[in-house]
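The values are calculated or read from the model by the stated rules, or taken from the named source; none is laboratory data. Since the model is a prediction, treat every value here as computed from it, not as a measurement. Cβ placement follows ideal geometry from the backbone for every residue including glycine, while neighbour counts extend to all protein chains displayed.
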């Protein structure tokens, strides 16, 4: 099983505040990440983060707002694209706790 590390950057002004969920320990936003491990775009991104939608909304064709991008900053497989980490985790080894 391969391990990957992903960093994400989102534009919080694009969050639909009506989708925030109040929990016992805080306020949460459900998001979905789409990751393409086989290629990167012109900005070195491997995917995007969207605001999650309910199954009923998906059935109706509603798509979640695109909130930002994702980058793979770590992978332990030679066949995955290597990208430069904006967070300084490029030198991570196999000590990822999952």
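A few remarks follow.
- Flag for residue 49 being modelled with pLDDT under 95 and either in contact with a strand residue (DSSP E or B) (Cβ under 7 Å, 6 or more places away or on another chain) or assigned to a loop (DSSP other than H, G, I, E, B) (or both): no
- Qualifying positions in the stretch 52-76 - under 19 Å from residue 3 (Cα atoms) and either loosely packed, with under 11 Cβ neighbours inside 10 Å or in contact with a strand residue (DSSP E or B) (Cβ under 7 Å, 6 or more places away or on another chain) (or both): 70, 71, 72, 73, 74, 75
- Of the numbered criteria (1) assigned to a loop (DSSP other than H, G, I, E, B); (2) modelled with pLDDT of 90 or more, the one residue 72 fails is (1).
- Listed by first and then second residue, the pairs linking a residue in the stretch 29-43 that is more than 16 Å from residue 66 (Cα to Cα) to a residue that is part of a strand (DSSP E or B), with Cβ atoms under 7 Å apart and 6 or more places separating them unless they lie on different chains, are 37/72.
- Applying the criterion of being under 28 Å from residue 43 (Cα atoms) and part of a strand (DSSP E or B) to the residues of the stretch 8-27, the residue that is nearest to the chain's Cα centre (by Cα) is 8.
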